[in-house]
Each structure stands twice: as C-alpha cells, then as structure tokens.
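Report on the structure given below.
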Amino acid sequence: MHSLVKHSVPDTSIMARQCRRSNELSLLHILIIEDEPAIATNLYDFLEARGHSVDAAGDGITGLHLAVTQKFDGILLDLGLPGMDGITLCRKLRKEADIDTPVLMLTARDTLDDKLKGFDGGADDYLVKPFALKEVEARLVAMHKRHSGKVTSRALETGDLSFNPRTLSIQFAGASVKLPPKCIRLLAVMMGEPGRVFSRRELESEVWGDEQGTSDTLRSHMHELRRALSRAGGYDPIETVHGLGYRLISPARS
Ligand code: CA
C-alpha cells in the first residue's frame with residue numbers, strides 16, 4: 001500500500017551546491033583576540049579583504065565572552081593579553097565552556113616552553129610573531145578543514161543502523177554489511193537526516209557531485225544498497241516516495 005506524501009519537498013540540490021562552493025573557498029567566521037592595535041588591525045583588514053567575516057576583541061575577558069556566545073570557525077589568540085592571558089582563555093574555552101573551535105595561538109616568544117603550554121591549554125596550532133598574513137590564513141583554513149573532518153567522522157546511528165565513517169563499517173540489525181564506496185556514501189547522506197525525503201537530484205549531487213551520474217546510476221546503486229541491507233537485516237529500511245525520491249525509515253530498536 002502506498003502512502004502519498006502531500007507536502008512538497010524543496011529542491012535543495014542548488015543549496016547543497018552553493019554550500020559546497022563556499023566550503024571550497026573556505027570563507028570563515030574568525031575571531032581575533034589581540035591587544036596590539038597595529039597587529040589586530042592588520043589581521044582584521046587582511047582577513048576581511050580575503051572575504052572572511054571577522055570579529056575582534058582587544059582583551060581576554062571580551063574575547064572569551066565572544067568565543068562562548070558566538071559560533072566561529074577559528075580563533076586567532078594572542079598569548080599575552082590584558083584581563084586574561086591566552087593560555088588561561090584557551091583552557092577555560094575547552095574545559096569550562098566545552099567549546100572545540102580551532103585556536104591558532106599567536107605569540108612573540110619563540111620558546112619551546114610556551115609552545116608546550118599553548119598546546120596543553122588546548123590550542124590547535126601556533127605561530128610566532130612576526131608572521132606573514134597569508135600564512136595565518138592558510139593555517140586557519142587548514143585547522144578548519146581538519147576540524148570539520150573531525151566533526152563529520154563521528155559515528156552515525158539511527159534505529160537498527162550504524163555507520164562508522166572512520167572504519168567505513170556498517171551494521172544493520174546486528175549484522176555487518178559490505179558495500180561499495182558510492183553505496184556507503186548514499187547511505188551516509190540519508191543517515192544524516194533519517195525520515196527526510198531526499199530527491200533523486202539531491203542524492204545524485206551529494207554522491208556523484210559534478211561527475212553527474214545518470215538516473216540509472218542512482219537507481220542501480222540504490223537497488224544494490226537496499227538489497228544488501230535487506231539481506232543483512234531481514235528488511236529494507238529505505239522507502240521509495242513515488243515521484244519524490246527516497247527516505248530512510250528508522251524503526252525503533254526492539
Ligand atoms: Ca599581546
């Protein structure tokens with residue numbers, strides 16, 4: 001028996017493409033915490049001119065406040081600051097506020113001891129003054145990429161299904177499922193939002209990107225995925241929503 005879905009599903013493929021594009025350019029929201037006006041202004045002007053959105057604080061207390069109340073992709077943190085030094089700030093950010101925004105520590109003191117203290121406080125990277133502005137940007141982008149990789153490599157779990165992006169292992173109803181890479185990607189996309197209807201175009205764009213698979217490519221991979229899951233778990237957790245696309249139904253674990 002077919003259940004007709006009456007609500008319309010927005011075509012999010014364009015949005016997904018735009019997201020990917022801005023991600024490729026890596027335009028970030030950056031917080032600068034630096035008390036020397038000349039350095040802060042240089043960093044601010046350079047990063048803003050490169051297209052990033054930038055906020056700045058001239059002391060540790062204001063910096064910490066901004067870092068915990070707003071969402072940033074990266075923080076440039078000076079070591080010696082009025083109000084609260086960079087290491088204390090970083091430690092409070094990590095241990096008390098439980099915020100894992102990447103931190104690039106900036107310091108004038110090139111000693112191993114400071115580096116160790118900075119990393120112990122939870123900084124992700126370190127730059128010694130004077131630095132090239134382009135290098136600051138490159139490090140911020142690299143930190144952000146590592147960080148977003150870390151976020152998306154968390155295990156996904158819904159109903160009887162679990163997927164570990166690190167090991168690429170899939171478990172369905174207690175059985176492990178072996179799948180080719182494109183089928184894994186297809187499943188991972190749908191597991192990101194169980195219950196939501198994904199249009200064919202959206203899935204094609206997510207899995208094949210600019211390779212532009214034909215509708216047969218998606219159909220055959222979807223068939224392979226569903227067959228493998230049915231065989232492993234005894235039922236098919238994917239539903240065809242006629243005229244719209246597919247969705248993952250996630251029955252409660254019994
Ligand atoms: Ca300073």
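Computed from the coordinates by the stated procedures, all read-outs in this text should not be read as laboratory data. No experiment lies behind these values; they were computed from the predicted model shown. Glycine also receives a Cβ, built like all others from the backbone with ideal geometry; neighbour counts cover every protein chain displayed.
May I ask you to sort I238, I32, I75 by Cβ crowding, counting other Cβ atoms within 10 Å and putting the fewest first? Write out the running numbers ahead of the final one.
Working: I238 16, I32 25, I75 28.
Starting with the residue having the fewest Cβ neighbours, the order is I238, I32, I75.
For the pair A142 and S176, how long in nm is the line joining their label points, each one 7 Å along Cα→Cβ?
3.5
Quote the FRET efficiency, to the nearest 0.05, computed for S162 versus E224 with a Förster distance R0 of 25 Å and r equal to the Cβ-Cβ distance.
On the way: r = 20 Å, r/R0 = 0.78.
Given R0 = 25 Å and the Cβ-Cβ separation, E is 0.80.
Could you work out how far apart the two model spin labels at K134 and R231 are, taking each label as a point 7 Å from the Cα in the direction of the beta carbon, and quote it in nm?
Output for this residue pair reads 5.3 nm.
Nearest 0.05, what FRET efficiency do R50 and R94 give at R0 = 41 Å with Cβ-Cβ as r?
It comes to 0.90.
Amide H neighbours of S169 under 5 Å, at least 5 residues apart or on other chains, H built in the peptide plane: list them.
N164
Averaging over every viewing direction, what projected area does the convex hull of the Cα atoms of segment 130-201 cover, in nm²? Intermediate values should be presented prior to the final figure.
Numbers: hull surface 28.5 nm².
For segment 130-201, averaging the hull's shadow over all directions gives 7.1 nm².
For segment 41-173, rounded, prolate or oblate, judged on the Cα gyration tensor with a ≥ b ≥ c (square roots of eigenvalues), a/c < 1.5 rounded, else prolate if a/b > b/c?
Details: a/c = 2.07, a/b = 1.85, b/c = 1.12.
It is prolate, given that a/c is not under 1.5 and a/b is the larger ratio.
Using amide H atoms built in the peptide plane, which far-off residues or other-chain residues are under 5 Å from V54 H to H?
Answer set, sorted by chain and number: I30.
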